[in-house]
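Data block below; observations after.
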Amino acid sequence: MLLTQRIEEMDLPSAEKTAANYLLAQGRKLKGKSTRRIASEAYTTPATLVRLGQRLGYEGWTDFFEAFLEEREYLEEHFQNVDANRPFSPGDSQSAVANKIAALHRESIADTMSLLDYDVLEKAVDCMLRSRNIYLVAVSISLDCTWLFKRNMQRLGKTVLLESNNAEQLCTVLSATVEDCAIMVTYSGSPVRIQDEAKVLHDKGVPIILLTGLGDNPVRPLADYTLNVTTRERLYSKVGNFSTNVSVHLLLDILYSCYFAADYEKNWKNRLEIAHKMEQYRSSRNEIMKEQ
């Protein structure tokens, strides 16, 4: 859950509620202001600000305020002209709908890249390179996003295990070892099945690469490497999973491509050999599509 959402939903004492409302209203305009000045402008005291930070799980005001500003800067950076939950409106023409969805895709890509930690990415790819097998763990919409990644990796000769049946997925991860790694995809981290599988993998010492939304969730502490998914959509009150899907597909494509690039010539050769055997009967009259 995002820090902003936690602040909005918490039942706070009157003084802390006043301070919280001021923080939410001002956002990143508060950057650079001292604790004393913020307290004065919010008609409260520095001690109240400290208690607010501690109530939200931080040691005090400073670390809470840093986390708050970082999140607000993210939330205010993109998606100023498009709503990820309702990207088009009643009465929009088909051309308007098409262009708004295209804009949503562009914003989702830019947003995802703004969240990407390249040090974590490098470590995650190294983990994939060292692993004997890769286990994919996801449910629902997230599961649909993982199939193409599996297909691409298998065309490099890498063993990737993915089960569409939830019960079988748990059974499959039980066979994972420390020589393998797992890639888990979950927007909220809330599905009980995902939490159970994450605990199994963590207890077995299997490295976990997690793709998830911003904010605290039960799976984050169990992951070894976390890549953040653009976090703009509500759980269900939305037209579709457009933004999340774009973000997850992008991150999986990046993981695949970085893995490919680590041994480019070998992977290029493997890709051509395996693809040729599987798709040798495909043909096209289109000059661009024709194989040489």
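Overview of results
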{"item": "Looking only at segment 1-59, and only at residues there that are among the polar types (S, T, N, Q) and under 30 Å from T186 (Cβ atoms), the one that is modelled with the highest pLDDT", "result": "Q54"}
{"item": "Qualifying positions in segment 51-76 - part of a loop (DSSP other than H, G, I, E, B) and either touching a Gly at 6+ places or on another chain (Cβ under 8 Å) or open to solvent by 30 Å² or more (accessible area, probe 1.4 Å) (or both)", "result": "G57, Y58, E59, G60"}
{"item": "Failed item in (1) open to solvent by less than 50 Å² (accessible area, probe 1.4 Å); (2) at pLDDT 95 or above; (3) over 21 Å from L222 (Cβ atoms); (4) among the aliphatic types (A, V, I, L, M), with L129 passing the rest", "result": "(1)"}
{"item": "Extreme residue, least open to solvent (accessible area, probe 1.4 Å), among residues of segment 107-123 that are acidic (D, E) and either without any contact (Cβ under 8 Å) to a residue 60 or more places away in the chain or assigned to a helix (DSSP H, G or I) (or both)", "result": "D111"}
{"item": "Residues of segment 143-175 satisfying the condition of being open to solvent by less than 20 Å² (accessible area, probe 1.4 Å) and closer than 24 Å to N217 by Cβ", "result": "L143, C145, T146, F149, L162, Q169, V173"}
{"item": "Matching option when the condition is over 12 Å from the mean Cα position of the chain (by Cα), more than 29 Å from K100 (Cβ to Cβ) and in contact (Cβ under 8 Å) with a residue 60 or more places away in the chain, among A182, A262", "result": "A262"}
{"item": "Subset of segment 77-91 that is of a type outside the set (G, A, S) and at pLDDT 85 or above - its residue that is surrounded by the most Cβ atoms within 10 Å (Cβ to Cβ)", "result": "P87"}
{"item": "Y22 being among the hydroxyl-bearing types (S, T, Y), surrounded by 17 or more Cβ atoms within 10 Å (Cβ to Cβ), under 30 Å from S108 (Cβ atoms) and out of contact with any Asp or Glu (no Cβ under 6 Å at 6 or more places or on another chain)", "result": "no"}
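Residues checked against (1) within 16 Å of L255 (Cα to Cα); (2) among the acidic types (D, E); (3) in a helix (DSSP H, G or I):
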| position | (1), (2), (3) |
| --- | --- |
| S95 | no, no, yes |
| H105 | no, no, yes |
| V125 | yes, no, yes |
| V137 | yes, no, no |
| T146 | yes, no, yes |
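The values are calculated or read from the model by the stated rules, or taken from the named source; none is laboratory data. Note that the structure is a prediction, hence the values are computed from the model and not measured. Note that we place each Cβ from the backbone using ideal geometry, even for glycine, and neighbour counts take in every protein chain shown. What goes into the accessible areas is simple: the full protein's heavy atoms, side chains included, and nothing from ligands, DNA or RNA. Shrake-Rupley method; radii C 1.70, N 1.55, O 1.52, S 1.80 Å.
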